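The values are calculated or read from the model by the stated rules, or taken from the named source; none is laboratory data. The structure presented is a predicted model; accordingly, all values stated were derived computationally and were not measured. In this analysis, Cβ positions are derived from the backbone assuming ideal geometry, glycine residues included, and neighbour counts consider all displayed protein chains. Each accessible area value is taken on the protein alone, full model and side chains, heavy atoms only, with ligands, DNA and RNA left out. Shrake-Rupley method; radii C 1.70, N 1.55, O 1.52, S 1.80 Å.
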Amino acid sequence: MCLNTGYQCKCLLEGDPCEPCRMTVKHKEAEEGQAGTTFEPEIALSSAVVAHKERSRNWGWMLSGILCVNVLILGCALVSGSAHDEINISTAHLQIYLIVLLILTTAWMIYYAVYTARQEGAIVYKDSHAGPVWLRGGLVLFGILSFIMNIFKIASYVGYLHCDSAVKVAFPVVQIVFITVQTYFLWIHAKDCVQVQKNISRCGIMLTLSTNLVMWMALVTEESLHQTTFPEYSPNETNHHGRRAYISKAGYGDDKCKCSHTSCSIFKEAYYYLYPFNIEYSLFASAMAYVMWKNVGRVADEHSHHHFKFRLREAVLGPVAGVLLVVAGIATFIVYEMEMKIDSYDNDDDLKNSHALMMHFVMNIVIVTLMSLVTALGCGIFKLDHREHVSEKNPTRSLDVGLLVGASLGQFIISYFSIVAMVATGAEGHLNRLNLAWSIIMVIQLGLQNFFIIEGLHREPHHEIHPVEIVANPYLKEKEMSSVGSEVDKKMPATIVLHDHHLQHKHKLSWKRRVVKEVCAFLLLGNIILWIMPAFGARPQFDHETEINFYKFNLWAAVVNIGLPFGIFYRMHSVASLFEVFLLS
């Protein structure tokens, strides 16, 4: 037994441990046993839970992706088949499929809203970047106009019930209910990071996304057929060009079906001009549904949100110049459309047709050239600006960039096809030269604008420092006048620092920030007028003969009908992105 504890004990080396050493060894063995039975299973259990969650998430993504692919492919087959008269698939067959999708999606959105409202802890986190108020406001605006369009459709289709399918009346009725429920659903739940029933939520959101995409395909196809259905003329009848080279196709069946009331033509003309808003509504809803799908089960950072106020007085020249550009563009667009419609019935007035086309080309060249110069200025300011790039990754930013680049490909395709046709034919004549110049400048403008928007969205927002005001402490002055002062009074500061929030609004922007805001405001309005003209019927691609003669009508119509809807969406998406860059600056 060890008696001298002041020195290192050698009893363990000799093989005869003393009592204190024996107790120490037992204590260590007990601790090691507890650690082996407590911490190791906890680590193993934690890794097993993480692996199970990972497998569940991957399985949910895969299942929802398979659902989306099947819905889209079946919808694409029905849309393509109903677009051709030779295929035995009618518009009623497509609409039955769409009605089923709309009813299923509406039922799921109602279920989601009710379940998450009753389930505690269903929505713990919200993505601050998803569903900004201007995006949801645009969705509501387009939803209201789509609602009105479907009312006009119902009023028009009722006149054909005696000789056509009743499905064409039922479809807009179901679509009205769907638009109402979906607009409310996305307004309330666009920021959700749902934490319950994740796989069901992923599948339901992906069903919503695919339904809106199939609706978009159907609307774009119907709109394209209204514009570019080529008539079958006799062989000796070759002098047809401009808008006389295509006819309007009614969506009610054959020409033998006549409307039973006299207001059909009025309603058809009314909802024809509301088609662009319905198309944009479907794309807006698809984008918001995709962000919701990416946010299922996501733990969002609640401290990454920045509150910005929109103050129009921060930019003056950009909005004024942009408004003038929009007014001039609308004026020339109205004159151009009126001349084209008159010329479509007058075969002998080709001179007015050429003048209207020349005016339209010149106006578009002016708009795109000014936008290119202003965008180059904004890109130069970004090079001088030393703001850090955003390091945080979120699905909203990734979607914005993906949609911006992807949608711009539509306009790139049309422009490059036009460039090839103009160069191959020698660009003879004023119209061909103007068309070539317009296409080249459009390519430059798209590239510059994409760079400007992407760079602006990935910069850290400016943080304004609150101005401070230093005032004297009045209590200290009173104590200085008296001869007696407590210990507490001696510790009181001589000055008080106050944050003057009123002075913050008087803070003057630096010249770099002001230039960026002016650029954003001008580009925003420029993109609006470039959206208005093609969305409401401007088709210089068919009013001008060169591309039709070079590529032949069927190929050129396919290029335009595929590229133009993406180009229209690109302009509207650019408006939303530029507004966000304006706020971040």
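One residue is enough: does region 143-166 have a residue meeting the conditions within 21 Å of Met206 (Cα to Cα), of a type outside the set (S, T, N, Q) and outside any loop (DSSP other than H, G, I, E, B)? Yes, region 143-166 contains a residue that is within 21 Å of Met206 (Cα to Cα), of a type outside the set (S, T, N, Q) and outside any loop (DSSP other than H, G, I, E, B). The criterion of at least 1 residues that are modelled with pLDDT of 85 or more and under 30 Å from Lys383 (Cα atoms) is met, among helices (runs of 4 or more DSSP H) falling completely within region 494-574, by 511-535. Residue-level check: of (1) in a helix (DSSP H, G or I); (2) out of contact with any Lys or Arg (no Cβ under 8 Å at 6 or more places or on another chain), Asn88 misses just (1).
For region 518-534, enumerate the residues that are open to solvent by less than 10 Å² (accessible area, probe 1.4 Å) and more than 16 Å from Gln449 (Cβ to Cβ). Within region 518-534, just Met533 meets the criteria.
Is at least one residue of region 186-209 outside any helix (DSSP H, G or I), open to solvent by 30 Å² or more (accessible area, probe 1.4 Å) and without any contact (Cβ under 8 Å) to a residue 60 or more places away in the chain? No, the conditions are met nowhere in region 186-209. Note on region 71-90: residues that are modelled with pLDDT under 85 and either in contact with an Asp or Glu (Cβ under 7 Å, 6 or more places away or on another chain) or not small (Gly, Ala, Ser) (or both) amount to 6.
Filtering region 421-449 down to residues that are touching a residue at least 40 places away in the same chain (Cβ under 8 Å) and among the β-branched types (Val, Ile, Thr), which residue is nearest to Asn549 (Cα to Cα)? Taking the candidates together, the pick is Thr425. Checking region 117-130 against the condition returns a match, with at least one residue being of a type in the set (A, V, I, L, M) and surrounded by 18 or more Cβ atoms within 10 Å (Cβ to Cβ).
Would you confirm, using the coordinates I've provided, whether Gln175 is open to solvent by 10 Å² or more (accessible area, probe 1.4 Å) and either modelled with pLDDT under 90 or closer than 19 Å to Ala270 by Cα (or both)? Spelling it out, it is not the case that Gln175 is open to solvent by 10 Å² or more (accessible area, probe 1.4 Å) and either modelled with pLDDT under 90 or closer than 19 Å to Ala270 by Cα (or both). For region 547-560, the tally of residues that are touching an Asp or Glu at 6+ places or on another chain (Cβ under 9 Å) and surrounded by fewer than 21 Cβ atoms within 10 Å (Cβ to Cβ) stands at 1.
Is region 310-329 home to any residue that is assigned to a helix (DSSP H, G or I), at pLDDT 85 or above and closer than 21 Å to Phe542 by Cβ? Taking every residue of region 310-329 in turn, at least one turns out to be assigned to a helix (DSSP H, G or I), at pLDDT 85 or above and closer than 21 Å to Phe542 by Cβ.
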